[in-house]
Amino acid sequence: MEFNLAKDFSDNPFGRYRTDGPNSGEAFREDFLKNLLDKCKENNETLHIYIDDVPIGISSSFLSESFGGLVTKKYFSSDELLSSLLTIETEDKSYITEINTYIREASA
């Protein structure tokens, strides 16, 4: 399954919590990401999230809340996410490293 962050959620993802605005990491996780990953898990698929179309940088608070939050909320284990359920598609490999770090740290 494929999801383009800029086109399918917002081209200006920002903030950690819903109180930071409608395009926060919490809103993305709860309104989109969790449901997409649940469907992928049911169908034994991988979710490919494309992030290169976001015209500005994506904040660490957004990424931490979106992806690390999946583990801290106990929706998924870090092993599930990192082994087969989630793939971040981007030319900027530092985002992949950052997101994977948030996922791993959330399980500690």
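Values quoted throughout were computed directly from the atomic coordinates according to the rules given, and no laboratory measurement underlies them. Small disclaimer: the values here were computed from a predicted structure and weren't measured. Cβ sites come from the backbone with ideal geometry, for glycine too, and all protein chains shown count toward neighbours.
Observations on the structure shown:
- For the chain, adding -39500 (n - 2.57) for each run of n ≥ 4 DSSP H residues and dividing by the number of residues yields -8500 deg cm²/dmol at 222 nm.
- Ratio Rg/Rh [Cα only; Rh per Kirkwood] for the range 1-99: 0.92
- Principal axis dimensions, largest first and in whole angstrom, of the range 29-79 by Cα: 33, 22, 21
- Restricting the trypsin sites (Lys or Arg not before Pro) of the range 29-87 to loop positions (DSSP other than H, G, I, E, B) with no more than 10 neighbouring Cβ atoms within 10 Å leaves Lys74.
- Residues considered: Ser61, Ser94, Ser77. Largest GNM mean-square fluctuation over the chain, using C-alpha springs under 10 Å, is found at Ser94.
- Choice from Ser24, Ser66, Ser83 showing the highest fluctuation, given a GNM over the chain with Cα pairs closer than 10 Å: Ser83
- For the range 1-101, the set of GluC sites (Glu not before Pro) satisfying both a DSSP loop assignment and a count of at most 12 other C-beta atoms within 10 Å is given as Glu91.
- Placing a label point 7 Å from the Cα of Glu42 along the Cα-to-Cβ line, the residues of the range 1-34 whose backbone N sits under 19 Å from it are 1-3, 29-34.
- Distant-in-sequence amide contacts of Tyr50, defined by a placed amide H-H separation under 5 Å and a gap of 5 or more residues or a different chain, comprise Phe3, Asn4, Leu5, Glu89.
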